[in-house]
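One structure is given here, and the rest of the page talks about it.
The values are calculated or read from the model by the stated rules, or taken from the named source; none is laboratory data. All values derive from a computational prediction rather than experimental measurement. Neighbour counts are summed over all protein chains in view; Cβ atoms, including those assigned to glycine, are modelled from backbone coordinates with ideal geometry.
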Amino acid sequence: MNLRLPWSHCLFPVVFAVVILGLWYAVVLGFGIPTYLLPLPHEIVAATAAERGALGIALATTGRAALYGLVISAGAGFLLAVVLALSARLRWALYPYVLLLQTVPVVILTPVLVLWLGPGLPSVTAVTFLITFFPVTSNTVHGLLSTPHAMLDLFRVYDAGRLQEMLHLRIPYALPHYLSGLRIAASLAPIGAIAGEFFAGSSAEGRGGLGYLVIVYFSRHEIPALFATGLTACALGFTFVGAVAGLSRFALRRWHDSARPRE
């Protein structure tokens, strides 16, 4: 399999980044915007280097909570989707509550989670799970229920049981949908972890997460460091999404059109 990308795929993002950086400097310097309102890119880079120790510790803390929440939602969301796809009655009974769980603001549930689990990693992981659970479940249910009727009829002609139908037809057909939901969840996991740290985080033993650093840098009015924290969070999000994208290519490359290279 040829994994080489056309040169334009690498050049265009670089050119776009240069244009954005140029506009950034032009706006700040041209309009005389104080750097405490909008720091210049080199100031953010300098703050990132100066705070690399604190950012590294916070990145590890937030990344661990985000990873735990994402892994739990990936497993629980898949299992619940299979159950919902197997039984229409269960789907009618449970799916509204899955949707309800997604629509309830996390800021309302977080105090309850802290009361039950205590501050720190368990509560932040739970918040991340609540934010990432729905995309996985919803996309997987859609994929399991979208299996072509002709394929289902063929399995029934050969007298395949429901378990065989699920394992050998519905789940493989739903795999791209599941991975698509997982990709969405991966982009939301760092956001969920940082949001959880605002309300349920802990800085015990000097290991506060990125959400904790946001509060600290804002209270000190260290704006370049605040932007550096946002840049670190973006890097974490790109890492998660990139990992799921790589998993998707690995799982689908031999048989699904979405993962095949185009000429």
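Can you tell me which residue among THR48, THR61 is among the polar types (S, T, N, Q) and out of contact with any helix residue (DSSP H, G or I) (no Cβ under 6 Å at 6 or more places or on another chain)? Before you say what the answer is, go through the steps one by one.
Values: THR48 fails: out of contact with any helix residue (DSSP H, G or I) (no Cβ under 6 Å at 6 or more places or on another chain).
Just one listed residue meets the conditions, THR61.
Scan the range 49-70 and tell me whether some residue there is more than 24 Å from the chain's Cα centre (by Cα) and surrounded by 15 or more Cβ atoms within 10 Å (Cβ to Cβ).
Looking only at the range 49-70, we keep the residues that are more than 24 Å from the chain's Cα centre (by Cα), and these are 49-51, 53.
Add one more test, that the residue is surrounded by 15 or more Cβ atoms within 10 Å (Cβ to Cβ), and what stays is 51.
Yes, there is a match, as at least one residue in the range 49-70 is more than 24 Å from the chain's Cα centre (by Cα) and surrounded by 15 or more Cβ atoms within 10 Å (Cβ to Cβ).
Out of everything in the range 196-213 that is aliphatic (A, V, I, L, M) and under 28 Å from ILE33 (Cβ atoms), what residue ends up being surrounded by the most Cβ atoms within 10 Å (Cβ to Cβ)? Reasoning before the result, please.
Initially, the range 196-213 is screened for residues aliphatic (A, V, I, L, M), giving 200, 204, 210, 213.
Right, trim to under 28 Å from ILE33 (Cβ atoms) and you get 210, 213.
Values: LEU210: 26, LEU213: 28.
If we take residues in the range 196-213 being aliphatic (A, V, I, L, M) and under 28 Å from ILE33 (Cβ atoms), then LEU213 is surrounded by the most Cβ atoms within 10 Å (Cβ to Cβ).
Sort through LEU167, LEU154 and tell me the only one that's more than 30 Å from GLY242 (Cβ to Cβ) and in a helix (DSSP H, G or I). Outline the logic, then answer.
Values: LEU167 fails: more than 30 Å from GLY242 (Cβ to Cβ).
Step by step, each of LEU167, LEU154 is checked, and only LEU154 is more than 30 Å from GLY242 (Cβ to Cβ) and in a helix (DSSP H, G or I).
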Discussion item. Conditions first: (1) closer than 26 Å to LEU213 by Cβ; (2) in a loop (DSSP other than H, G, I, E, B). ALA160 passes all but one, so which condition is the exception?
Written reply: (1)
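What residue, of GLU205, GLU197, is more than 23 Å from the chain's Cα centre (by Cα), in a helix (DSSP H, G or I), among the acidic types (Asp, Glu) and at pLDDT below 95?
The match here is GLU205.
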Discussion item. Take the conditions crowded, with 19+ Cβ neighbours inside 10 Å and modelled with pLDDT of 95 or more and apply them to ARG183. Does it pass?
Written reply: yes
Worksheet item: Are any of the residues in the range 104-111 under 21 Å from LEU80 (Cα atoms), surrounded by 17 or more Cβ atoms within 10 Å (Cβ to Cβ) and either of a type in the set (Gly, Ala, Ser) or modelled with pLDDT of 85 or more (or both)?
Response: no
Practice prompt. Collect the residues in the range 227-253 that are surrounded by fewer than 18 Cβ atoms within 10 Å (Cβ to Cβ) and over 19 Å from GLY181 (Cα atoms), keeping them in residue-number order.
Written response: GLY230, LEU231, CYS234, ALA235
Practice prompt. For residues that are in contact with a Leu (Cβ under 8 Å, 6 or more places away or on another chain), aliphatic (A, V, I, L, M) and without any contact (Cβ under 8 Å) to a residue 40 or more places away in the chain, tally how many sit in the range 125-159.
Written response: 2
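Of the residues ILE72, ILE20, only one is at pLDDT 90 or above and more than 25 Å from ARG249 (Cβ to Cβ); which? Steps first, answer last, please.
Numbers: ILE72 fails: more than 25 Å from ARG249 (Cβ to Cβ).
The conditions single out ILE20.
So which residues in the range 214-226 are in contact (Cβ under 8 Å) with a residue 24 or more places away in the chain, surrounded by fewer than 20 Cβ atoms within 10 Å (Cβ to Cβ) and either in a helix (DSSP H, G or I) or among the charged types (D, E, K, R) (or both)?
Matches in the range 214-226: GLU222, ILE223.
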Worksheet, complete the sentence: Selection from the range 240-258 of residues free of Cβ contacts under 8 Å to residues at least 40 places away in the same chain and within 22 Å of the chain's Cα centre (by Cα) yields GLY242, GLY246, ARG249, PHE250
